[in-house]
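Sharing a structure here in structure tokens format.
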Amino acid sequence: MKIIVPPREGRAVRVGRGQTIRIATPKGAQAADFFAYNAESPAEWLSANHTWVTTFNVKPREGDTLISRFRRPMLKFTRDGANGVHDMMIAACDQFRYEFFGFKGPHASCSENLCVAMRREGHQVDVIPQPINFFTNTFVEKDGSFTSPPNPVPPGAFVELEALMDLICVVSSCPFDLPVEGWTINAGAGPTELEVEVH
Ligand SMILES: [Zn+2]
């Protein structure tokens, strides 16, 4: 099964235990906010924060087991085709994030994309989990300061993850498109589509 997540939008896919989800950025440098829920009990969701205190790395790395907020294994990061350019620190963007940067009027966001995608699966989302942001370039300095330098992820870069339980996964093509110095989330050419395959 293969779907295209259009630029600025999100999609949910069911991934059965033992199946692999592959997420690709065909044009490169498109941040993919990734969320996952236990298909049987959506109160259990993938938690970036719980994961990185287990792997002792603020970046997800090939071979890592990604865990839920109940600290149970949800996914195995089996293949990294993006040279490690990922993030687990940035909260999902929302309307107020864009207003913070001075944007006027409604703006598409990963939080909204998640809520809509999950509603289509029959679930109300009240809490926005900390996503794993694939193809997102962030850097933590020695003094703790944090930036998002220009995104070097090439066209066709991908990640593959194996489901360790039945999951509903949500992938959002991050709509971030504001010119903010030191905060280059996408390529600068504007959000582009993502490709999601389940097999
Ligand atoms: Zn976003």
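I'm trying to understand the selection: among the residues of region 116-126, which are within 16 Å of the ligand (Cβ to nearest atom) and either within 27 Å of residue 153 (Cα to Cα) or assigned to a loop (DSSP other than H, G, I, E, B) (or both)?
Residues satisfying the conditions are 117, 125.
A further question follows. Out of 113, 57, report the one residue that is modelled with pLDDT of 95 or more, away from the ligand (no atom under 16 Å from the Cβ) and either farther than 20 Å from residue 12 by Cα or touching a Gly at 6+ places or on another chain (Cβ under 8 Å) (or both).
57
So how many residues does region 93-107 have that are assigned to a loop (DSSP other than H, G, I, E, B) and surrounded by fewer than 21 Cβ atoms within 10 Å (Cβ to Cβ)?
At the first step, the residues of region 93-107 found to be assigned to a loop (DSSP other than H, G, I, E, B) are 93-94, 101-107.
Right, trim to surrounded by fewer than 21 Cβ atoms within 10 Å (Cβ to Cβ) and you get 94, 101-107.
Count: 8.
Right, here's the next one. Check region 32-54 and report whether any residue there is small (Gly, Ala, Ser), under 25 Å from residue 155 (Cα atoms), part of a loop (DSSP other than H, G, I, E, B) and in contact with a strand residue (DSSP E or B) (Cβ under 8 Å, 6 or more places away or on another chain).
No; the residues of region 32-54 include none that is small (Gly, Ala, Ser), under 25 Å from residue 155 (Cα atoms), part of a loop (DSSP other than H, G, I, E, B) and in contact with a strand residue (DSSP E or B) (Cβ under 8 Å, 6 or more places away or on another chain).
Of the residues 179, 154, 129, only one is part of a loop (DSSP other than H, G, I, E, B) and without any contact (Cβ under 8 Å) to a residue 40 or more places away in the chain; which? Break it down stepwise before answering.
On the way: 154 fails: without any contact (Cβ under 8 Å) to a residue 40 or more places away in the chain; 129 fails: without any contact (Cβ under 8 Å) to a residue 40 or more places away in the chain.
None of the other options fit; the residue is 179.
Return yes when residue 137 is surrounded by fewer than 23 Cβ atoms within 10 Å (Cβ to Cβ), within 15 Å of the ligand (Cβ to nearest atom) and touching a residue at least 24 places away in the same chain (Cβ under 8 Å) and no when it is not. Walk me through how you get there before you give the answer.
Working: surrounded by fewer than 23 Cβ atoms within 10 Å (Cβ to Cβ): yes; within 15 Å of the ligand (Cβ to nearest atom): yes; touching a residue at least 24 places away in the same chain (Cβ under 8 Å): yes.
Yes, satisfied.
Quick check: is even one residue across region 27-35 in contact with a helix residue (DSSP H, G or I) (Cβ under 8 Å, 6 or more places away or on another chain) and either closer than 25 Å to residue 176 by Cβ or not aliphatic (A, V, I, L, M) (or both)?
Applying the first criterion (in contact with a helix residue (DSSP H, G or I) (Cβ under 8 Å, 6 or more places away or on another chain)) to region 27-35 yields 33, 35.
If we keep only those that are either closer than 25 Å to residue 176 by Cβ or not aliphatic (A, V, I, L, M) (or both) as well, we get 33, 35.
Scanning region 27-35, I find at least one residue that is in contact with a helix residue (DSSP H, G or I) (Cβ under 8 Å, 6 or more places away or on another chain) and either closer than 25 Å to residue 176 by Cβ or not aliphatic (A, V, I, L, M) (or both), so the answer is yes.
Here's another thing I want to ask about it. Looking at (1) in contact (Cβ under 8 Å) with a residue 24 or more places away in the chain; (2) under 17 Å from residue 48 (Cβ atoms); (3) in contact with a Lys or Arg (Cβ under 7 Å, 6 or more places away or on another chain); (4) more than 16 Å from the ligand (Cβ to nearest atom), which one does residue 62 not meet, given that it meets all the others?
(1)
The values are calculated or read from the model by the stated rules, or taken from the named source; none is laboratory data. Just so it is clear, the model here is predicted, and its values are computed rather than measured. Glycine gets a Cβ as well: all are built from the backbone with ideal geometry, and neighbour counts include every protein chain shown.
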